[in-house]
Amino acid sequence: MSIERGIRARCDHARGALRRAPVVLAGPGGHPDRQKHEHRSLRRLPRVRWPWSKPNLADPNVPADWIEQRAWLAWEAPRNLVAGEASYLAALARIAGQPCDEGYCFPTPVMFIREPTNAYDGNALRAEVGGELVGYLRRALAANLAGPLDQVRCSSFGVAGLIRGGSTTAPNLGCHVWIDRRVTPGPKIELDMDDEWSVAWPPHGGELAAGTSRSV
């Protein structure tokens with residue numbers, strides 16, 4: 001290969017990599033006005049595997065008393081896989097309450113519900129806590145889940161999650177999840193342990209004092 005052809009080949013490869021690198025993560029339901037480019041490598045997104053020998057769902061793998069027994073405090077870090085919470089702060093405030101000195105950190109089941117008729121993303125999965133819409137599953141992950149869920153006619157599934165934030169200095173609240181810890185029948189999802197969506201863990205003492213005994 002000539003030097004000129006080698007340079008051209010390397011440039012073409014670099015341009016292709018740049019085109020593939022940005023992942024468009026939408027706001028609520030994928031509305032284009034709220035879209036933002038987050039330059040995250042696809043290789044670092046959680047990988048979803050479907051190790052099903054039959055087209056059915058896996059049973060819950062979390063004890064029914066996981067909140068009361070505070071089992072979640074010994075788990076690995078939850079993940080920031082719910083996007084768009086900033087558009088649902090009123091709902092999150094109704095769930096958590098007014099800002100307090102140290103903020104909140106309390107466990108709750110999180111339901112993911114398919115929205116195939118969503119005008120902006122046919123793969124959308126809305127996230128609900130106590131019947132309140134708090135955001136949407138990140139678009140890249142929803143794209144992997146939607147097809148298999150529709151195939152087995154699974155319109156919703158629940159996982160362990162938590163509401164966190166709401167301090168007087170940083171009043172915004174967020175919803176984090178352990179998407180591989182099922183509280184209802186649902187897909188069996190295996191995630192890489194070193195992905196960038198993990199959040200700071202464990203929670204600090206002030207957060208725990210404010211809200212671990214709560215339930216939704």
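The values are calculated or read from the model by the stated rules, or taken from the named source; none is laboratory data. Because the structure is a prediction, the values reported are computed rather than measured. Cβ coordinates were reconstructed from backbone atoms using ideal geometry, including for glycine residues, and neighbour counts include every protein chain displayed.
When the range 69-101 is filtered for residues that are acidic (Asp, Glu) and either crowded, with 19+ Cβ neighbours inside 10 Å or modelled with pLDDT of 95 or more (or both), only 85 remains.
From the list 68, 85, the one residue that fits, being under 19 Å from the mean Cα position of the chain (by Cα) and farther than 19 Å from residue 185 by Cα, is 85. Restricting the range 167-204 to residues that are outside any loop (DSSP other than H, G, I, E, B) and of a type in the set (S, T, N, Q) leaves a set whose member that is farthest from residue 100 (Cα to Cα) is 198. Residues in the range 175-185 that are modelled with pLDDT of 95 or more and under 14 Å from the mean Cα position of the chain (by Cα): 175, 176, 177, 178, 181, 182.
Within the range 161-179, the set of residues being surrounded by fewer than 21 Cβ atoms within 10 Å (Cβ to Cβ) and within 20 Å of residue 74 (Cα to Cα) comprises just one member, 165. Of all the residues in the range 147-160, those that are within 14 Å of the chain's Cα centre (by Cα) and either among the aliphatic types (A, V, I, L, M) or crowded, with 22+ Cβ neighbours inside 10 Å (or both) number 3.
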